[in-house]
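Colleague: Structure in structure tokens, see below.
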Amino acid sequence: MRPLHRWGPLAVVAATALLPFWGLWRAPGPPMEEGFMLVFPELVLNGWVPHRDFLHLYGPGSLWVLAGTYGVFGTTLEVQRLVGFAQQLGVAFGVFALLRPFGRWTAGAGGAVAAMIIVPPIGLTALAWVGGVALGLWYLNAGLRAVEHGPGRRGLVPVGAGLLAGAALLYRPDLVVAIGLSGLVLLRGLDRGGRVRLLAGFAAGVAPYLVHVATAGLGTAFHGLVIQPVFELRPGRALPLPPSWDRFDGFLQRAGTLRELPWPLPAPPGPPQLTFWLVLLVASVALLLAVGVRAARRGAGTPPVPAVSHLRLLALALFSVGLLPQAMQRADSTHLAWASAVPFGLAVGALAHLLAQRWPAWRDGARAAVAVAVPLVLLLALVPHFTWRTYADYVAQTFGYHRLSYVLERDGRIFRYGRADAVAAVERILADVERVATPGDRLFVGTGDLRKTPYSEAFLYYLLPELPPATRYIEMDPGVANAPDSGLADELRAADVVILSSIRDDWDEPNASRDLGPNEPNEVLAELFCRVSAYGEGPFGRPLYALYVRC
């Protein structure tokens, strides 16, 4: 095999992921999300238990992995971002592996599309969704290998597939739809021995949930894994479907438009692009389903790839169906990217498969070029601002252009933030905290008005590790932290140091995040705490940040 044909497709996927890497490495991260992915695993190292001791809306798997990584390499922004990038590579090369039977260049094209979409949305933050999807893709790859190798050559491959499926659910339990639907196809393609091995591996993969339930408690774990994310959180985070045509519904989506890279080509207005993206996502999944069902009906040995199981495309399609709820619950650019990276990448394989059936004499490179052009041109024409432009922006930042990032540093810990005024304010706060607080004092970080809790500056807990959190709501969410029975006021009563930020007090979305909770936390603050100082200017005449200690 010629070196270009062997290594070229892999190089294409790697280059697509690596080009924006240095720009992402030095870019600001989301203060709450990247903040809690630094704080939560460190709390786990200190014996805290997710759901019992702090709010966590997903499975414990990603926190366990990061806790182990921090235990070896230290709790740093760099370590966390390397894990996040590894997860993104897992998605891109997972798509490559799944498409490999359709041709190396087809696989390279699909993996590159997945990388282009999955890498930019939330930077290098090691969030559980991306890690869970990556594990799910490699589960599916192992399972399909077991189906296609036949009974005599399977060995422990089905066991490995089951283990990966269980690990994916340890990261994100809501991936059960994607894992379950695609798993039905695998079970159909395996013999009895293969099914037993797959299910045994899956049981072993999800078994760590028993440890979590034993430490957190069954009721507490169920509440944190199911009740809070599905029933309590959804009203305050859901956005209209389809997205509004004349405005951005998401607050952070609107905030992101203030610092956009100029785009030289004709494009639809920003808000309609989200609707177009949602339509393209559904269309890509529909294409995968149509091609997959057709292939399954035609049976094994379908030209031009007779070595590929007739069930492969159907399994890929059903896995993609299971990702759709991620976009439907909140159709902003981040969730659309998370849900569409895999279907768009896999759609390249489905298109190449159709082209190979129509023109079997075409080489893999020609099929890949035509197949990849379809999603890329559609994204360029209909959704350029949130795909091509975002990706190009980070590539430009890699080479030193359009960079708006500021570094906060304390005792060797750094955090990258995107607002100069916030960085200046926090630097002053950190100096004052060292003056008024004693190691071991309990720290409470909240919003400027504690009746409204749409977001938090969770990274402050990371920069002040000697002050343990006074609240389980390190991550703050509407309808959860400010619910009447949340206990936020009681936790505030037990705090020693309080930092409030009004930086997101003007949060406004068409959902329950507009609803105000009880005023009791504000009353506790006024009764028990004295303000040390205020820093910067925020909305509604409030300071950007304010520092309080017990009177």
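Colleague: Can ASP411 be described as among the acidic types (Asp, Glu) and not assigned by TED's automatic domain parsing to the domain that holds ILE118?
Modeller: yes
Colleague: While we're looking at this one, here's another question. Can you spot a residue in segment 141-148 that is under 22 Å from the mean Cα position of the chain (by Cα), under 25 Å from VAL176 (Cβ atoms) and touching a residue at least 40 places away in the same chain (Cβ under 8 Å)?
Modeller: Yes, segment 141-148 has at least one match.
Colleague: How many residues does segment 347-365 contain that are within 20 Å of VAL12 (Cα to Cα) and not in a helix (DSSP H, G or I)?
Modeller: 1
Colleague: I would also like to ask the following. Within segment 503-519, take every residue that is buried (at least 20 other Cβ atoms within 10 Å of the Cβ) and in contact with a strand residue (DSSP E or B) (Cβ under 8 Å, 6 or more places away or on another chain) and give me the one that is farthest from ALA425 (Cα to Cα).
Modeller: Top of the filtered list is ARG504.
Colleague: So, one more: Step by step: first the residues of segment 168-178, then only those that are buried (at least 23 other Cβ atoms within 10 Å of the Cβ) and among the hydrophobic types (A, V, I, L, M, F, W, C), then the one that is farthest from GLY224 (Cα to Cα). Which residue is that?
Modeller: Only one residue fits best here, namely ALA178.
Colleague: Has segment 80-91 got any residue that is closer than 27 Å to VAL423 by Cβ, at pLDDT 95 or above and polar (S, T, N, Q)?
Modeller: yes
Colleague: Now for a separate question. Checking the condition buried (at least 23 other Cβ atoms within 10 Å of the Cβ) and over 20 Å from LEU324 (Cα atoms), which residue from ALA161, ALA134, ALA115 passes?
Modeller: When all the criteria are applied, what remains is ALA161.
Colleague: Please give the number of the condition ARG363 fails out of (1) without any contact (Cβ under 8 Å) to a residue 24 or more places away in the chain; (2) in contact with a Leu (Cβ under 9 Å, 6 or more places away or on another chain).
Modeller: (2)
Colleague: Please indicate, with yes or no, whether at least one residue in segment 240-249 is buried (at least 20 other Cβ atoms within 10 Å of the Cβ), assigned by TED's automatic domain parsing to the domain that holds ARG330 and among the polar types (S, T, N, Q).
Modeller: no
Colleague: Which of the residues belonging to segment 149-182 are of a type outside the set (A, V, I, L, M) and in contact with a helix residue (DSSP H, G or I) (Cβ under 6 Å, 6 or more places away or on another chain)?
Modeller: Once the filter is applied, which keeps residues that are of a type outside the set (A, V, I, L, M) and in contact with a helix residue (DSSP H, G or I) (Cβ under 6 Å, 6 or more places away or on another chain), segment 149-182 yields ARG154, PRO158, GLY160, GLY162, GLY166, TYR171, ARG172, PRO173, SER182.
Colleague: Now, a different point. Mind checking which helices (runs of 4 or more DSSP H) fall wholly inside segment 8-108 and carry at least 1 residues that are under 27 Å from LEU408 (Cβ atoms), without any contact (Cβ under 8 Å) to a residue 40 or more places away in the chain and hydroxyl-bearing (Ser, Thr, Tyr)?
Modeller: Ranges flagged: 61-73.
Colleague: Something else now. Sort through ALA142, ALA126 and tell me the only one that's of a type in the set (A, V, I, L, M), more than 29 Å from PRO465 (Cβ to Cβ), touching a Leu at 6+ places or on another chain (Cβ under 7 Å) and assigned by TED's automatic domain parsing to the domain that holds LEU163.
Modeller: Result: ALA142 is the single residue among ALA142, ALA126 that is of a type in the set (A, V, I, L, M), more than 29 Å from PRO465 (Cβ to Cβ), touching a Leu at 6+ places or on another chain (Cβ under 7 Å) and assigned by TED's automatic domain parsing to the domain that holds LEU163.
Colleague: Which of (1) surrounded by fewer than 24 Cβ atoms within 10 Å (Cβ to Cβ); (2) more than 27 Å from ALA366 (Cα to Cα) is the odd one out, the single condition GLU148 does not satisfy?
Modeller: Unmet condition: (2).
The values are calculated or read from the model by the stated rules, or taken from the named source; none is laboratory data. Bear in mind that the values here come from a model prediction, so they are computed numbers and not experimental data. All Cβ positions, glycine included, derive from the backbone under ideal geometry; neighbour counts span all protein chains shown.
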